[in-house]
2 protein chains.
Amino acid sequence: MPKKISIINQDLIAAGDPGSIKRFLDFFLNKKGLFICVIGNTETGKIPGISAAGANPEITDYTPAADVEFLYYGSCKVIDGVPITPEGIPTPGLITKSALELSDMPLLVAVAGVNIFPNVPFIDLHGKAGGNIRAGSGVENPREIFDNAKILGENISKLADYLVIGESIAGGTTTALGLLTALGYEAKGKVSSSLPDNPISLKEEVVNSGLEKIKSKNKSKSKSKDESTPDLFRNDPFKAVAGLGDPMQPAVAGITIGAGKRIPVILAGGTQMAAITALINALDKKVLDSIVIGTTKWILTDEQSDIAGIVTQINPKIPILAANFDFSKLKYNGLQVYEKGIVKEGVGAGGISVASILSSNYKININKIQKRLENIYEKIKPSA
Amino acid sequence: MPKKISIINQDLIAAGDPGSIKRFLDFFLNKKGLFICVIGNTETGKIPGISAAGANPEITDYTPAADVEFLYYGSCKVIDGVPITPEGIPTPGLITKSALELSDMPLLVAVAGVNIFPNVPFIDLHGKAGGNIRAGSGVENPREIFDNAKILGENISKLADYLVIGESIAGGTTTALGLLTALGYEAKGKVSSSLPDNPISLKEEVVNSGLEKIKSKNKSKSKSKDESTPDLFRNDPFKAVAGLGDPMQPAVAGITIGAGKRIPVILAGGTQMAAITALINALDKKVLDSIVIGTTKWILTDEQSDIAGIVTQINPKIPILAANFDFSKLKYNGLQVYEKGIVKEGVGAGGISVASILSSNYKININKIQKRLENIYEKIKPSA
């Protein structure tokens with residue numbers, strides 16, 4: 001698929017409305033940001049073949065907690081070592097940590113709903129871990145998570161010039177497809193994957209199965225005739241999340257809507273954040289003016305997904321800024337393979353890098369983030 | 001006891017080193033603060049006659065959660081109505097809410113260890129509710145609470161010009177006496193009370209009983225000869241908290257030590273905050289330079305306690321600033337009785353008022369806070 005991508009400079013690339021891109025590029029210069037990382041677990045993430053976040057499905061519960069422990073301490077408590085595959089491919093949280101260390105940006109962690117809690121001070125949003133959307137069971141209490149997140153967003157928006165919101169949740173692109181589909185967007189083949197070969201048909205099968213379940217549940221309740229329209233749940237977005245979403249989604253949407261009335265928000269992630277943009281569009285359109293998606297080159301230029309194609313359906317004014325990483329010449333193979341499209345994004349890696357670059361007025365750049373990353377990786381890589 | 005109190009102006013009074021007082025009075029002008037309210041529960045708070053925070057001992061578990069729900073929403077979820085006695089005497093959280101509304105200061109809530117969780121987004125510091133210090137059981141894991149609080153403090157100190165840290169924990173002056181005693185300070189008859197008649201001898205009996213328990217426990221372990229010295233636990237402050245303290249104490253000390261390296265901290269409370277100053281003195285003396293105690297007139301001029309007499313023992317440089325409330329002419333009897341020495345302080349009421357007054361450069365003053373308080377009280381007071 002053709003990609004309309006603007007090259008801003010050697011550090012940043014972008015897609016979307018040129019006026020909006022410029023407005024945000026200018027805004028973030030010399031501003032003070034706050035990074036908040038929202039974590040969650042779901043049964044969806046444990047469907048075999050769905051996620052690369054963890055060596056086996058059960059371990060996916062530990063990855064988000066381990067990610068935020070790593071951000072705070074440089075080591076993990078819920079697991080031995082750090083989230084890294086046996087082949088030495090590390091969590092994108094290493095990129096996030098590199099940018100956080102360079103920028104000295106403050107970090108808060110919010111728990112949207114998990115089975116494994118991190119050993120860090122975390123903000124509890126009163127959610128539970130998500131179910132399996134194949135069965136139409138996404139999130140038990142999306143409204144409660146949203147309400148807590150919103151009041152949190154209102155309060156922390158008084159503290160910073162802008163927010164960067166990242167996520168760590170395994171299977172998140174599948175629940176992104178679920179949410180987008182339930183909200184009536186055309187997202188098939190458009191959501192990305194942490195795997196080099198996007199398991200597109202598996203994701204679609206899971207979402208279609210869940211959609212049938214919630215449609216028939218809804219039909220038996222409402223007896224309306226209008227059930228076959230694609231935007232079935234666009235007017236009932238919490239039902240969309242409850243059926244086909246994950247707990248991270250109402251958390252990020254709530255923080256964004258709470259904060260976005262006062263300050264800009266960088267939604268730091270790939271197509272998962274595009275899905276949250278759709279949720280925000282259904283809940284409080286006006287806030288879209290405050291939103292920019294911050295991601296990585298690997299997402300924005302991905303041939304197997306189309307983040308811009310999703311965002312354009314929601315609101316073509318929303319810009320996507322991406323950190324223009326190039327890991328091909330890095331010292332370690334575990335990092336070089338990011339260029340093959342494995343992992344791609346996560347833990348807010350792209351957005352926090354974009355934020356660090358702009359707010360430092362380019363004193364921090366891609367080269368410095370990658371150097372710092374090599375130093376961090378050197379310490380945690382598996383011994384040969 | 002004679003009190004050396006300086007009258008700053010009609011809004012503020014103070015005690016302590018004049019140079020330090022002036023330094024902080026100047027610093028806070030036009031600065032941006034962040035208020036964080038730390039809550040906890042203990043079995044100590046349920047000892048009959050210890051606390052006015054709740055109509056009967058068991059209800060004390062609900063008061064801190066209700067307090068912070070009230071701060072966020074103006075109403076409570078864990079209880080019907082708001083924390084108010086049958087006689088119509090409200091929680092000091094009403095003062096806090098008045099100042100927060102006027103100043104638009106951001107609010108975060110941290111849970112140090114509770115039995116009843118609030119229905120607000122809260123920061124979990126991984127503590128458990130405290131025990132009964134009469135049995136020498138204060139806090140199970142003070143070190144873990146402290147470590148989480150410290151990294152939180154480090155991060156949020158990047159967001160504001162200063163912090164205001166308040167507390168809501170029933171029985172907190174008794175555990176303050178416990179902690180001060182275990183750390184070797186002379187605090188008998190010096191800690192305050194939410195009751196108009198301070199149950200001094202009950203508090204002393206509880207603390208003495210607990211002290212004997214932890215001394216004998218310690219003796220059987222260490223076999224040292226030096227066990228009768230009054231500063232027995234000054235070199236092992238976490239043991240002091242574990243035996244005779246409460247979970248709020250290591251939480252507030254941790255946030256303060258984490259933040260205090262970068263920005264000033266207003267410890268918003270009465271003699272409980274003096275005890276935390278003692279804990280900080282034992283853990284990281286240098287941070288004392290960043291600390292000011294912010295409280296109410298009712299604490300600073302109390303004839304039945306002596307906050308200045310405690311603080312002077314720790315470090316005479318630490319200033320105490322107090323909001324110079326006068327409720328005697330307010331419209332409602334439930335508020336007027338504050339002048340009789342009931343309640344006196346709590347939920348950071350004094351410190352947040354001092355902060356709001358100074359940071360607004362006196363655009364907010366005692367009169368405005370009291371007017372707002374009357375308006376809030378009007379809505380929640382029991383119908384006659």
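The values are calculated or read from the model by the stated rules, or taken from the named source; none is laboratory data. Only a predicted model underlies this, so the values are computations on that prediction, with no experimental measurement involved. Neighbour counts run over all protein chains shown; Cβ positions are idealised from the backbone, glycine included.
Condition check: surrounded by fewer than 14 Cβ atoms within 10 Å (Cβ to Cβ) and at pLDDT 90 or above. Does B:Glu204 satisfy that?
The answer is no for B:Glu204.
Restricting attention to the range B:235-274, which residues are within 24 Å of B:Phe27 (Cβ to Cβ) and small (Gly, Ala, Ser)?
Scanning the range B:235-274 gives B:Ala253, B:Gly254, B:Gly258, B:Ala259, B:Gly260, B:Ala268, B:Gly269, B:Gly270, B:Ala274.
Look through A:Asp17, A:Asp11, A:Asp26 and report the one residue that is more than 14 Å from chain B (Cβ to nearest Cβ), in contact with a Pro (Cβ under 8 Å, 6 or more places away or on another chain) and among the acidic types (Asp, Glu).
A:Asp17
Given the structure, is A:Asn115 touching a residue at least 60 places away in the same chain (Cβ under 8 Å), touching a helix residue (DSSP H, G or I) at 6+ places or on another chain (Cβ under 6 Å) and surrounded by fewer than 24 Cβ atoms within 10 Å (Cβ to Cβ)? It would help to see each step written out before you state the result.
Numbers: touching a residue at least 60 places away in the same chain (Cβ under 8 Å): yes; touching a helix residue (DSSP H, G or I) at 6+ places or on another chain (Cβ under 6 Å): yes; surrounded by fewer than 24 Cβ atoms within 10 Å (Cβ to Cβ): yes.
Taking the combined requirement at face value, the residue satisfies it.
Here are the criteria: (1) within 14 Å of chain A (Cβ to nearest Cβ); (2) touching a helix residue (DSSP H, G or I) at 6+ places or on another chain (Cβ under 7 Å); (3) of a type outside the set (Asp, Glu). Tell me which single one B:Ser51 does not satisfy.
(1) is the only condition that B:Ser51 fails.
Among B:Glu140, B:Glu167, which is buried (at least 24 other Cβ atoms within 10 Å of the Cβ), among the charged types (D, E, K, R) and either within 12 Å of chain A (Cβ to nearest Cβ) or not in a helix (DSSP H, G or I) (or both)?
That would be B:Glu167, the only listed residue that is buried (at least 24 other Cβ atoms within 10 Å of the Cβ), among the charged types (D, E, K, R) and either within 12 Å of chain A (Cβ to nearest Cβ) or not in a helix (DSSP H, G or I) (or both).
Are there strands (runs of 3 or more DSSP E) fully within the range B:221-338 with at least 2 residues that are at pLDDT 95 or above, closer than 30 Å to B:Glu378 by Cβ and of a type outside the set (A, V, I, L, M, F, W, C)? List them.
Answer list for the range B:221-338: B:291-296.
I need the full set of residues from the range A:14-52 which are aliphatic (A, V, I, L, M), in a loop (DSSP other than H, G, I, E, B) and surrounded by fewer than 24 Cβ atoms within 10 Å (Cβ to Cβ), in order please. It would help to see each step written out before you state the result.
Of the residues in the range A:14-52, the ones aliphatic (A, V, I, L, M) are A:14-15, A:21, A:25, A:29, A:34, A:36, A:38-39, A:47, A:50, A:52.
Still in the running and in a loop (DSSP other than H, G, I, E, B): A:29, A:47, A:50, A:52.
Across the range A:14-52, the qualifying residues are A:Leu29, A:Ile47, A:Ala52.
Exactly one condition in (1) surrounded by fewer than 22 Cβ atoms within 10 Å (Cβ to Cβ); (2) within 18 Å of A:Gly19 (Cβ to Cβ) is false for A:Ile314; which is it?
All conditions are met except number (1).
Between a first residue in the range B:336-353 that is within 14 Å of B:Ser51 (Cα to Cα) and touching a residue at least 60 places away in the same chain (Cβ under 8 Å) and a second residue that is in a helix (DSSP H, G or I) and of a type in the set (Val, Ile, Thr), which pairs have beta carbons less than 7 Å apart while being 6 or more apart in sequence or on different chains?
From residues that are within 14 Å of B:Ser51 (Cα to Cα) and touching a residue at least 60 places away in the same chain (Cβ under 8 Å), the pairs are B:Lys344/B:Ile299; B:Glu345/B:Ile299.
For the range B:57-100, how many residues meet the condition of being touching a residue at least 40 places away in the same chain (Cβ under 8 Å), in a helix (DSSP H, G or I) and hydrophobic (A, V, I, L, M, F, W, C)?
Counting residues in the range B:57-100 that are touching a residue at least 40 places away in the same chain (Cβ under 8 Å), in a helix (DSSP H, G or I) and hydrophobic (A, V, I, L, M, F, W, C) gives 8.
Between A:Asn56, A:Asn119, A:Asn132, A:Asn115, which is at negative phi and within 14 Å of another protein chain (Cβ to nearest Cβ)?
A:Asn119
Is it fair to say A:Gly93 is more than 14 Å from chain B (Cβ to nearest Cβ) and surrounded by fewer than 24 Cβ atoms within 10 Å (Cβ to Cβ)?
No.
Specify which of the listed residues (B:Tyr62, B:Tyr73) is surrounded by fewer than 24 Cβ atoms within 10 Å (Cβ to Cβ) and touching a helix residue (DSSP H, G or I) at 6+ places or on another chain (Cβ under 9 Å).
Result of the check over B:Tyr62, B:Tyr73: B:Tyr73.
Take B:Glu154 and tell me if it is within 11 Å of chain A (Cβ to nearest Cβ), charged (D, E, K, R), part of a helix (DSSP H, G or I) and surrounded by fewer than 24 Cβ atoms within 10 Å (Cβ to Cβ). Break it down stepwise before answering.
Numbers: within 11 Å of chain A (Cβ to nearest Cβ): yes; charged (D, E, K, R): yes; part of a helix (DSSP H, G or I): yes; surrounded by fewer than 24 Cβ atoms within 10 Å (Cβ to Cβ): yes.
Spelling it out, B:Glu154 is indeed within 11 Å of chain A (Cβ to nearest Cβ), charged (D, E, K, R), part of a helix (DSSP H, G or I) and surrounded by fewer than 24 Cβ atoms within 10 Å (Cβ to Cβ).
Looking only at residues in the range A:339-367 that are surrounded by fewer than 19 Cβ atoms within 10 Å (Cβ to Cβ) and in contact with a Pro (Cβ under 8 Å, 6 or more places away or on another chain), which one is farthest from A:Gly269 (Cα to Cα)?
Top of the filtered list is A:Lys340.
Out of the residues in the range B:101-112 that are buried (at least 19 other Cβ atoms within 10 Å of the Cβ) and in a loop (DSSP other than H, G, I, E, B), which is farthest from the other protein chains (Cβ to nearest Cβ)?
Selected residue: B:Met105.
Does A:Val287 satisfy the criteria of being aliphatic (A, V, I, L, M), free of Cβ contacts under 8 Å to residues at least 40 places away in the same chain and buried (at least 18 other Cβ atoms within 10 Å of the Cβ)?
Yes: the conditions hold for A:Val287.
Looking at (1) modelled with pLDDT under 95; (2) touching a helix residue (DSSP H, G or I) at 6+ places or on another chain (Cβ under 7 Å); (3) of a type in the set (Ser, Thr, Tyr), which is the one condition that is false for A:Ser168?
The single condition A:Ser168 does not satisfy is (1).
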